[in-house]
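Notes for the one structure printed next.
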Amino acid sequence: MQKLVVLSVVLILAACGEKQLTESDFKAALDKGFEKEGPICVPLDKSFPATINQMEQKFGVGRTLTALEGAGLLSSATDGKVRRYEVTDAGQKFYTERDGQSVGLTVQKVKHGFMCFADMRSDKVVRWDAQADQGFSVTYTYRLENVAPWASAPSVIQAMPKLAIWINGALKTERKIFIRKTASGLEAIENNSL
């Protein structure tokens, strides 16, 4: 009986020593992760300057590039049967390149262009479930801050479906992320891509 009482006291003290996690703890970890990842960007499938042939102009990435040109982020000029796009001074504020791969007969390292349009922050933590490996599966909704003015232009949203997903999903789309416990607190695992 005495062993049972001692075991109960030890369990109670252990439970008291572990801080009960709250929605605020998870929101702080999410926001810290979002800040570390940087702004949300949509892919352009090209690096710039980019040369687009007639087929791409009519059926491919040309629609997106034309919309961004209309928003003042790109400029273009016709050179024979191709159109050459460049990022404008106004577009430089939003443009970034990331390493990627081009898959064809061989795999090559290439740069891909992206237009960044907003910062993501947590809106609400819907639920969290403890996982076996010192972490949590967290379901949340997000909000967008510092949204670029061009990102809400109807012509741009229509030409860039991935942008529309982000803009229209704010405050209502539930997303999942893994958050792990570390010695310094909770840490979100990156997943800010579409």
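The values are calculated or read from the model by the stated rules, or taken from the named source; none is laboratory data. A quick note: this is a predicted structure, and the numbers were derived from the prediction, not measured. Glycine also receives a Cβ, built like all others from the backbone with ideal geometry; neighbour counts cover every protein chain displayed.
Some notes on this structure:
- Qualifying residue in the range 1-20 (condition: assigned to a helix (DSSP H, G or I) and at pLDDT 85 or above): no
- Complete set of residues in the range 133-164 that are farther than 14 Å from Met115 by Cα, free of Cβ contacts under 8 Å to residues at least 40 places away in the same chain and more than 15 Å from the chain's Cα centre (by Cα): Thr139, Pro154
- Residue that is without any contact (Cβ under 8 Å) to a residue 40 or more places away in the chain and under 19 Å from the mean Cα position of the chain (by Cα), where the choices are Asp123, Asp99: Asp99
- Residue match in the range 156-169 (condition: in contact with a strand residue (DSSP E or B) (Cβ under 7 Å, 6 or more places away or on another chain) and under 14 Å from Ser122 (Cβ atoms)): no
- Subset of the range 48-81 [among the hydrophobic types (A, V, I, L, M, F, W, C), closer than 19 Å to Lys162 by Cα and either surrounded by 11 or more Cβ atoms within 10 Å (Cβ to Cβ) or touching a residue at least 40 places away in the same chain (Cβ under 8 Å) (or both)]: Val61, Leu65, Ala67, Leu68, Ala71, Leu73, Leu74
- Qualifying residue in the range 90-101 (condition: surrounded by 18 or more Cβ atoms within 10 Å (Cβ to Cβ) and among the aliphatic types (A, V, I, L, M)): no
- In the range 79-96, the residues that are at pLDDT 90 or above and assigned to a strand (DSSP E or B): Val82, Arg83, Arg84, Tyr85, Glu86, Val87, Tyr95, Thr96
- Extreme residue, modelled with the highest pLDDT, among residues of the range 97-135 that are over 27 Å from Leu171 (Cβ atoms) and of a type in the set (Val, Ile, Thr): Val110
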